[in-house]
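Notes follow once the structure below has been shown.
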Amino acid sequence: MFGIGMPELILILALALIVLGPRKLPEIARALGKGIAEFRRATDELKEELRQVEQEIEQSSPQATPDDDPFLAKKVETPPSPTSTEESEKKPR
């Protein structure tokens, strides 16, 4: 959690208790919790909306064919991978 360990968290809470007082601290914590929850909801809604737009774009756009894209027409040949016996033969002993 943000690189904050338990001792640091206790220190921060103790300082907040001293500065804000025991009456204000629960109110501020409650408000902070509500704000974080609202922020999460908003970001989740935005993520979902972006996913939907992405899916709509993928569904509406035609797939590329070799006739459309010259890169797809080329066959990309990969060199054969050396076997373990070939590798051991290349290593100097």
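The values are calculated or read from the model by the stated rules, or taken from the named source; none is laboratory data. Here the structure is a predicted model, which is why all the values come from computation and not from measurement. Positions of Cβ are backbone-derived with ideal geometry, glycine not excepted, and every protein chain shown enters the neighbour counts. For accessibility, only protein heavy atoms count, side chains too; no ligands or nucleic acids. Shrake-Rupley method; radii C 1.70, N 1.55, O 1.52, S 1.80 Å.
Check region 65-87 and report whether any residue there is touching a Pro at 6+ places or on another chain (Cβ under 8 Å), open to solvent by less than 80 Å² (accessible area, probe 1.4 Å) and at pLDDT below 85. Walk me through how you get there before you give the answer.
Of all residues in region 65-87, those touching a Pro at 6+ places or on another chain (Cβ under 8 Å) come to 72-73.
With the extra rule that they be open to solvent by less than 80 Å² (accessible area, probe 1.4 Å), the set shrinks to 73.
Those still in the list that are at pLDDT below 85 too: 73.
Checked region 65-87: at least one residue is touching a Pro at 6+ places or on another chain (Cβ under 8 Å), open to solvent by less than 80 Å² (accessible area, probe 1.4 Å) and at pLDDT below 85.
In region 1-35, how many are in a helix (DSSP H, G or I), under 29 Å from the mean Cα position of the chain (by Cα) and exposed (fewer than 10 other Cβ atoms within 10 Å of the Cβ)?
The number of residues fulfilling the criteria is 2.
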